[in-house]
Structure formats: C-alpha cells, structure tokens
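Working notes, structure below.
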Amino acid sequence: MAEIIGAVTTSHVPSIGIAIDQGLTQDAYWKPLFDGYLPAKEFVRKLAPDVTIVVYNDHGLEVFLDRVPTFGVGAAAEYRSGDEGWGPRPIPSFEGDPDFSWHLIEHLVAQEFDVTMFQEMGVDHGFSVPMSIAFGGPAGEVEAWPTKVIPVTVNTIQFPLPQPGRCFKLGQAIRKAVDAYPKDARVLIMGTGGMSHQLQGERAGFMKPPFDRMFLKNFVDDPIALTNIPLGEYMREAGHEGAELIMWLVARGALNANVREVYQHYHVSASLTAAGLGCYVNA
C-alpha cells in the first residue's frame, strides 16, 4: 500500500534556481540560504520517497490568464523544465508515474475535486526549484532525480483563488487517494511558494517576518486557524504573492492531525522574498 511518509514545504524563488545553475550558492549573498537547506536534503535522503507529489503554481508556462484551472494534476510519463525567458534550466527531466497520477485524478474527482488533467506539461521554477532544494546535492546540483513525481497545480495567479480551507481539504483528499493506492509506494508531499513577499505595486519588496513566524508555528500547532484566515488577510499581511502559502496547506492537509516538525529554516531575504522551509513527519 502507498503511504505518505512526510512533507517538505519551501519557497520556490526563481533566482534560487539561477543561483544553483550558475554556481553561486556559496557566494556571500546566497550562502546563508543554501547552508540552511543542507539538513532538509538529509531529511529527504533518509525518507527515500518513491514518488513525490509537488504542489505548486504555474507562472505562465503552461497556464496563462486566458485559461486558469483552479486545480490540476499531471499525468505525463515525463516532465521537462520549460523556458521562462532565460532558457530551460540545465537539469534532467523528471520521471512521472502515470498509473499513480490517474489513480489520484480518479479519486480526487470522486471526492468532488474537478481537476484539470495534464497529459503533457512542462514545469517551471515553482516545481523545479523545490526539487533542487530537496533532492539536489550540497549546492543543489543533480545528475538524476531519485524519485518519480506527480505535479499538482493550484491557481494563485488569477482571481478567484481557491480558499485556504479548500486547499487543506484537497490535501485530505490526496491523502485518501494515496492510502487507497494498491501498490507499495513511499510518498513525499511538497507544498511550495511564499513566504511573505510582493513583487509589484506600491508595496513591491514587502515582507513580514512576524506573519511568517506565526504561520510556521500554526502550521504544526493549529493548521485549522490558518485555513480560517481570509485570502484578503493573507495578501494584506504577507503581500500579494504571500497568498501562495495556501499551497502549504495542501501539504498540511495530507498529513495527520498531529505532526512533528523535524527541521525549520527561515531566511530574509532571498531576492525580495522571505524564504521559508519546513520538514515534517506524522506524529
């Protein structure tokens, strides 16, 4: 039987990928951030997942404003890094698991989540940067990915966005689907995006560490309180792009009610973003 063995939540700042690809991770600006990722890499290495479900938002690579699914699931055999304007990242392609993907899709639809099915898709930094953070070498470099992947997309770009509570329930539905998968598989779930940041408008450059610290604490202690925060408050307190934190709630919903935080890393700032990371197992 398949089992969710843990979760990693992390920011997915695009410049993190650029720093990895250009060999800048030990430069003075980047070193504190990347040094903080090392325990997370060891956490993931010990978990040794067979399949990793990556919850992220597409930033205009496969999904543009003319058609934006609220939730989507990849069902491809392979996913490649896409060109976001500076060329595809020089990383290996990601191996999918179509059988598991279709099982997940069928179970989510049966639980009244009407997901979009991506039978072909490229992946952007929202997906590839967390994978480098978790599965790359000391500097994020990688020769081959040690896990199959299932991308799960969440709309955090075009209003209306899904409510925080709905994202938490999506995680619960994913958990039920994983539990029902008949093949043995060790599954890691990753919630990506955030933390507080805003990239445009009068508040460009906005970050709010106290809100982020509150979120990190309640992520473990009281996730339901986080689902009750209105989206407007997320954007007011964490910046417009801080709404990406709803994707962390998908990962939290897939875990037990009680979880244990194995590791936490928080750094301000990574390219005008408050970068957070957490590693969790079921208590």
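When you look at residue 199, is it modelled with pLDDT under 95, in contact with a helix residue (DSSP H, G or I) (Cβ under 7 Å, 6 or more places away or on another chain) and either under 21 Å from residue 131 (Cβ atoms) or surrounded by fewer than 20 Cβ atoms within 10 Å (Cβ to Cβ) (or both), yes or no? Spelling it out, residue 199 is indeed modelled with pLDDT under 95, in contact with a helix residue (DSSP H, G or I) (Cβ under 7 Å, 6 or more places away or on another chain) and either under 21 Å from residue 131 (Cβ atoms) or surrounded by fewer than 20 Cβ atoms within 10 Å (Cβ to Cβ) (or both).
Among the residues of segment 61-91, the one identified as among the β-branched types (Val, Ile, Thr) and closer than 22 Å to residue 144 by Cβ is 91. Counting just the residues of segment 68-87 that are more than 27 Å from residue 111 (Cβ to Cβ) and surrounded by 15 or more Cβ atoms within 10 Å (Cβ to Cβ), which one comes out modelled with the lowest pLDDT? Across segment 68-87, the extreme among qualifying residues is 84.
Test residue 33 against the criterion of being in a helix (DSSP H, G or I), modelled with pLDDT of 95 or more and either closer than 18 Å to residue 250 by Cα or basic (Lys, Arg) (or both), and give yes or no. I'd like the intermediate steps shown before the answer.
Numbers: in a helix (DSSP H, G or I): yes; modelled with pLDDT of 95 or more: yes; either closer than 18 Å to residue 250 by Cα or basic (Lys, Arg) (or both): no.
No; evaluated as a whole, the condition is false for this residue.
Out of the residues in segment 252-266 that are in contact with a helix residue (DSSP H, G or I) (Cβ under 6 Å, 6 or more places away or on another chain) and crowded, with 20+ Cβ neighbours inside 10 Å, state the one that is farthest from residue 214 (Cα to Cα). Among them, the one singled out is 254.
Screening segment 189-218 for residues that are in contact with a strand residue (DSSP E or B) (Cβ under 7 Å, 6 or more places away or on another chain) and assigned to a helix (DSSP H, G or I) and picking the one that is nearest to residue 267 (Cα to Cα) gives 212. For segment 129-152, the criterion of being under 16 Å from residue 6 (Cβ atoms) and either of a type in the set (Gly, Ala, Ser) or without any contact (Cβ under 8 Å) to a residue 60 or more places away in the chain (or both) is met by at least one residue. The single condition among (1) over 18 Å from the mean Cα position of the chain (by Cα); (2) surrounded by fewer than 18 Cβ atoms within 10 Å (Cβ to Cβ) that residue 45 does not satisfy is (1). Number of residues in segment 219-272 that are in a helix (DSSP H, G or I), more than 18 Å from the chain's Cα centre (by Cα) and not β-branched (Val, Ile, Thr) equals 8.
Note on segment 174-228: among residues that are among the β-branched types (Val, Ile, Thr) and out of contact with any Asp or Glu (no Cβ under 8 Å at 6 or more places or on another chain), the one that is farthest from residue 250 (Cα to Cα) is 224.
The values are calculated or read from the model by the stated rules, or taken from the named source; none is laboratory data. Bear in mind the structure is a predicted one, so any value in this text is a computation, not a measurement. Neighbour counts run over all protein chains shown; Cβ positions are idealised from the backbone, glycine included.
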